[in-house]
Amino acid sequence: MNVEIRIDPYPGQHDINDLWRDTWEIDGIADFNAVLTRSLVHVGAFIDGTRLVGFANMAWDGGFHAFLVDVCVHPDHRDEGVGQKLVQTIIDIARNRGAKWIHVDFEPHLKPFYLSCGFESTEAGVLKIRS
């Protein structure tokens, strides 16, 4: 399988919603392009030139801190290195665009993946303000 990683691809709303539904069993954001226009960088993994099978977004504070969010790989393409390619590409681009720190939150079962991508485990806090 040949996976092409694209930088700032602006996938179609239908494509991103399908990927989120297949990955997390939730619908995507109603207007994902509005989110992406405020991102430092986002990357997509495509097969056959058109099919979106992976995605990652890098939000930021406009300064030195960036936040890796929305990392997902279609279940049919996990354990093929797609996730690591996405994360390494987005880290390299964020570094080139001025980020000095990259933060990521993840569920415990994903810790080995993020550690393999170079992240260190830290204590952090999160507050859910809406359901």
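Laboratory data are not the source of any read-out in this text; all were calculated from the coordinates shown. Owing to the predicted nature of the structure, the values given are computational and were not obtained by experimental measurement. Cβ coordinates were reconstructed from backbone atoms using ideal geometry, including for glycine residues, and neighbour counts include every protein chain displayed.
Among 41, 69, 126, sorting on how many other beta-carbon atoms sit within 10 Å of each Cβ, with the fewest leading, yields 126, 69, 41.
Note on region 37-113: antiparallel DSSP beta bridges, both residues inside, total approximately 75 percent of the bridges counted. Ranked by the mean number of other Cβ atoms within 10 Å of their residues, highest first, the peptides 83-96, 6-19 come out as 83-96, 6-19.
For the chain, with only Lys/Arg (+1) and Asp/Glu (-1) charged at the beta-carbon, what is the dipole magnitude about the Cα centre, in debye rounded to 20?
Details: 12 positive and 19 negative charges, 90 e Å.
It works out to roughly 440 debye.
Couplings 3J(HN,Hα) for region 59-74, derived from phi with the Karplus relation 6.51 cos²θ - 1.76 cosθ + 1.60 (θ = phi - 60°), are 7, 7, 9, x, x, 9, 9, 10, 10, 7, 9, 6, 6, 8, 9, 3 Hz, where x marks Gly and Pro.
Over 25 Å, how big is the tail of the calculated P(r) for region 3-116, in percent of all Cα pairs? Show your work: numbers first, answer last.
On the way: 990 of 6441 pairs.
The proportion of pairs with Cα distances above 25 Å equals 15 percent.
From least to most packed, judged by other beta carbons within 10 angstrom and beginning with the fewest, 52, 115, 127 follow the order 127, 115, 52.
For residue 121 and residue 101, compute 0.36 nm times the residue count separating them, minus their Cα-Cα distance, and round to one decimal in nm. Intermediate values should be presented prior to the final figure.
Working: separation 20, 0.36 × 20 = 7.20 nm, distance 1.37 nm.
Going from the current span to full extension adds 5.8 nm.
Averaging the Cα positions of each part gives two centres, and for region 25-54 and region 58-131 these lie 15 Å apart.
Listed by Cβ neighbour count within 10 Å, with the fewest neighbours leading, 102, 29 appear as 29, 102. Each stretch of four or more DSSP H residues adds -39500 (n - 2.57); spread over every residue of the chain, this sum gives -8500 deg cm²/dmol at 222 nm.
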